[in-house]
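Below is one structure; the comments refer to it alone.
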Amino acid sequence: MKGRVRVPAYNSRKLKMLFFSRVLGALVVLAMVTPASASDWRTPESQLAAKIAATTGPGVVALDVTNRSSISSADMEQIRTELTSVLANSGVRVWQPDQAAATIRLTLAENLQEYVWVAQIQQAANQESVIMVSLPRPASFAAAQNSQPLNLHATPVISQAEPILDFAILEGSPRRLLVLGGTAVTIYEFKDGRWLAGQSLPIKTPVPLPRDLRGRIFLRKDHLFDVFLPGLVCRTSGSAPLSMNCQQSDDPWPIQTEDAGLSGFFSPTRNFFTGALVPGILKQRSAPAFYSAAAVPRQNYILWLFSTLDGTLHLLDGINDQVAARVHWGSDIAGVRTACRPGTQVVATMQQEDGRDSLQAFEVPDREPLVVSQKLPLNGNVTALWTSQAGDGITAIVHNPDTGNYDAFQISLNCAQ
């Protein structure tokens, strides 16, 4: 994790696209705010209509509106309808694209102080024009929710001298525990109040694995589980007796959970994700090389947080790659949902004064994470932090310097009582 990673930039061959990317990169900051009232939209609608009419002249245009802000869907439709009416008063009629002399792509965006509307106007073969209007956001910006504070709780699962990369619990009778190590997956059964080791499935690899090894285990419906390791995928058999077959593979790993819909390529010789994403975050097909990531779903999109190799936090929304310069977290972050609070929280590692790690929960109502829990001190340093498969918990592995063991914990986030 040494050195710095160059942040990818847009490399469009057309100057107009580079300009538009810079405009949105500087202005779009998506936040949770109290929407403006209907009357608030009249001024920017009139301003925008006047600028559009001055650019296109009278005629027929097609209008496409994309909402990249906290403005509600209902307000977005209202803006579309009222803008269409104001344009008509200026001699510009909104109609079907196949009959339009110009196409207007309007993006509703916002920054910390203002709503910013950016319109791209394309007329036949002419160079694309970009115009903008803005208006102040309401003073009642809901930066922090007046909800109950949250508590982080760590439940010990198992402790052992051999490194643990990941684990998963299968509920049933009896309960079973799958522990992914560097050389095998061990299956435990819960009996008499403790986990008893049972079958061990060896990891057979044709090439040496990295020393600083990381890995993930995912439960499956048609077979028991799959294991992802650097340059390697292992799958269990679909019938008894249970066995596991490992093969070299460059398949991307699911990021956070499979339901999140994003995968990333993992370096076959190192301990981090290369930054290449599948299928990508809208138009963004890559991020800086990163160690871990967390998804924060919004009303109109998903905000992805990436803990990158240079120690910075990058936020990608499908258009912009922004750096949270004032955030100083550790390498491990994970998204989690709690039943007592809406939205998704992000749990991050931070180093304590004694050199050991702690965990703390944050919410990201804007591009500045807000603390929503006290710190949870740990007995060592986190070596793995993954969102559980259901998304409602976190699996954490901590290396305890006092015992030398690797301790596995289930981390839950609950409302304070």
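All of the numbers you see were taken from the coordinates with simple rules; none came from a lab. Just so it is clear, the model here is predicted, and its values are computed rather than measured. Please note: Cβ atoms are built from the backbone with ideal geometry, for glycine as well, and neighbour counts cover all protein chains shown.
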## Note on the structure
Between (i) 50, 27, 22; (ii) 40, 24, 18; (iii) 47, 24, 19, the structure-derived semi-axes √(5λ) of the Cα gyration tensor in Å is (iii)
## Note on the structure
Filtered pair list for the chain (Lys only, Cα < 30 Å, 8 or more apart or interchain) has a length of 10
### Euclidean distance of C-alpha centroids, segment 165-187 and segment 244-265, integer Å
18
#### Entry: Cβ-based exposure ranking for W386, W95, W253, in which fewest neighbours within 10 Å come first
W95, W253, W386
#### Entry: On Cα atoms only, tilt of 15-27 relative to the major axis of the chain in degrees
70
### Message
Suppose only helical runs count, i.e. DSSP H with n ≥ 4. What mean residue ellipticity at 222 nm does that imply for the chain under -39500 (n - 2.57) per run, divided by all residues and rounded to the nearest 500 deg cm²/dmol?
### Response
-3500 deg cm²/dmol
## Note on the structure
Exposure-ranked with fewest Cβ neighbours within 10 Å first, D259, D357, D321 stand as D259, D321, D357
### Query
What does the convex hull of the Cα atoms come to per residue for segment 33-136, in Å³?
89
## Note on the structure
Karplus ³J(HN,Hα) for segment 164-177 (6.51 cos²θ - 1.76 cosθ + 1.60, θ = phi - 60°; Hz, whole; x = Gly/Pro) runs 10, 9, 6, 8, 8, 10, 9, 6, x, 10, x, 5, 10, 10
## Note on the structure
Given a Förster distance of 35 Å, the FRET efficiency implied by the Cβ-Cβ spacing of R211 and A240, rounded to the nearest 0.05, works out to 0.50
## Note on the structure
Taking the convex hull of the alpha-carbon atoms of segment 176-232 and averaging its shadow over every direction gives an area in square nanometres of 4.7
### Query
Karplus couplings for segment 320-330 from phi (6.51 cos²θ - 1.76 cosθ + 1.60, θ = phi - 60°), rounded to Hz, Gly and Pro as x?
10, 10, 10, 9, 7, 5, 8, 9, 10, 9, x
## Note on the structure
The local net charge around T344, scoring Lys/Arg +1 and Asp/Glu -1 for residues other than T344 whose Cβ lies under 11 Å from its Cβ, equals +1
### Message
Using the crude model of +1 on Lys and Arg Cβ and -1 on Asp and Glu Cβ, and no other charge, please compute the dipole size for segment 33-136 relative to its Cα centre, in debye to 20.
### Response
200
### Query
When all C-alpha to C-alpha distances in segment 292-417 are sorted into bins of 10 Å, what percent of pairs does each bin hold, rounded to whole numbers?
13, 45, 33, 8, 1
#### Entry: Karplus (6.51, -1.76, 1.60) ³J(HN,Hα), θ = phi - 60°, over segment 208-215, in Hz, Gly and Pro reported as x
x, 8, x, 5, 8, 7, 10, x
### Message
Tell me the angle of helix 73-89 to the major Cα principal axis of the chain, expressed in degrees between 0 and 90 and rounded to the nearest ten.
### Response
20
### Dipole magnitude (debye, nearest 20) for the chain, charges at Cβ of Lys, Arg, Asp, Glu
780
## Note on the structure
Total charge of the residues flanking A119 in space, meaning their Cβ is under 12 Å from its Cβ, with Lys and Arg +1 and Asp and Glu -1, is -1
#### Entry: Of T236, C415, L316, farthest towards positive along the dipole that unit charges on Lys, Arg, Asp, Glu beta carbons give the chain
L316
### Task
Could you list C340, C246 in order of exposure, starting from the residue whose Cβ has the fewest other Cβ atoms within 10 Å?
C340, C246
